[in-house]
Amino acid sequence: MSTTTETPQKLRTRKPLTVGVIAKNLTALVLAVVFVFPVYWMFSSSLKPQHEIMTKDPVFVFTPTFENYTTATGVDLFWTYVQNSLLVTLGAVLLALLVALAASFAIARMKFKGRKGIVLIVMLAQMAPWEVMVIAMYMISRENDMLNSIPMLTLIYFVMVLPFTIWTLRGFIAAVPVELEEAAQIDGCTRGQAFRKVIFPLLAPGLMSTSLFGFITAWNEFAMVLMLNKDKESQTLTRWLTEFQTAFGSDWGATMAASTLFALPVLIVFLFLQRKAVGGMTAGAVKG
């Protein structure tokens, strides 16, 4: 007769449901519904015919149609808007990462006169609302004959994204033990090689998070392109969202379809960078 013995394991015990736990779960559920419902309503409205959008009573069951998406993407210069948005957004993010890597490393690792002052300036620049700089940016662009210019708009977005990028990467670099860098230099690496081979791989989560923030900031920006780029061929998708006006009012179906398409790249970038950030947290931490 054989007997079975169970290996000793720590079994997870389910916490009893208390009033506090139930209240927290209900609060989380309510908050999730509050935040998700506008996105659902935007997407569902983009698939509704116009007469079902403008009804007094909300319509939840309907026959979907893609007519609104055809209207949204059928406007003049749509693909020009897409190209301009990608150019200024990706250009601003890449420039910000390149400059911020050098600046944040200097602030986090090097001792020099005026370092605290630079950190304070970066913080103030991040806190300042960029809308108050629209007039100054317009005058600078006009004086340098840079109105309706994609490079100028990219440069402005780069300046907008840079302070947060420097501040965030500074924290990630400061969190990396300086002993790792010193050990690499003892093994024969120069300071630049130590940064490239040891510190840079460990910055993957910081690079992903700052890239995501920079992408969202530049992608959603409206005030600067509204004031600086009057020429339609130099405008971005944020101006495209304002074009669905008719003599009878707003075309809400096309507006909701355009808003859905406009939010889609941000969602894709978020999902991609989130996976990369998790995978890069320990990249380069172990020497093979």
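The values are calculated or read from the model by the stated rules, or taken from the named source; none is laboratory data. It should be emphasised that the depicted structure is a prediction, and the values quoted were computed from it without experimental measurement. FYI the Cβ positions are ideal-geometry reconstructions off the backbone, even for glycines, and counts take in every protein chain you see. Only protein heavy atoms, including side chains, enter the accessible area calculation; ligands, DNA and RNA are left aside. Shrake-Rupley method; radii C 1.70, N 1.55, O 1.52, S 1.80 Å.
Of note:
- Å² per residue, accessible surface of the stretch 77-283 at 1.4 Å: 53 Å²
- Dipole of the stretch 77-283, positive end: most advanced residue of Phe158, Val119, Phe195 [Cβ charges, Cα centre]: Phe195
- For the residues Trp41, Trp167, Trp240, Trp79, a 1.4 Å probe over the protein chains yields an accessible-area ranking, largest first, of Trp79, Trp167, Trp41, Trp240.
- Accessible solvent surface per residue of the stretch 25-73, calculated while the other protein chains remain in place, 1.4 angstrom probe, Å²: 74 Å²
- Surface share of carbon and sulfur [accessible, 1.4 angstrom probe, percent] for the chain: 69 percent
- Taken about its Cα centre, the stretch 77-283 carries a charge dipole of about 680 debye when Lys and Arg each add +1 at the Cβ and Asp and Glu each add -1 at the Cβ.
- Amide H contacts of Asn229 (H built 1.01 Å from N, under 5 Å, at least 5 apart or other chain): Asn148
- Helical runs assigned H by DSSP (4 residues or longer) give the chain a calculated mean residue ellipticity at 222 nm of -21000 deg cm²/dmol, each run adding -39500 (n - 2.57) before division by the residue total.
- Convex hull projection area averaged over all views, the stretch 77-283, Cα basis, nm²: 14.1 nm²
- Both radii are taken from the alpha-carbon atoms of the stretch 19-64; with Rh as the Kirkwood radius, Rg/Rh is 1.20.
- Kyte-Doolittle mean at least 0.5 and Cα axial length at least 15 Å: DSSP H helices in the chain: 19-46, 78-109, 115-127, 150-175, 204-220, 252-279
- Listed residues His51, Ala183, Met133: farthest to the positive end of the dipole of the chain (Cβ charges): Ala183
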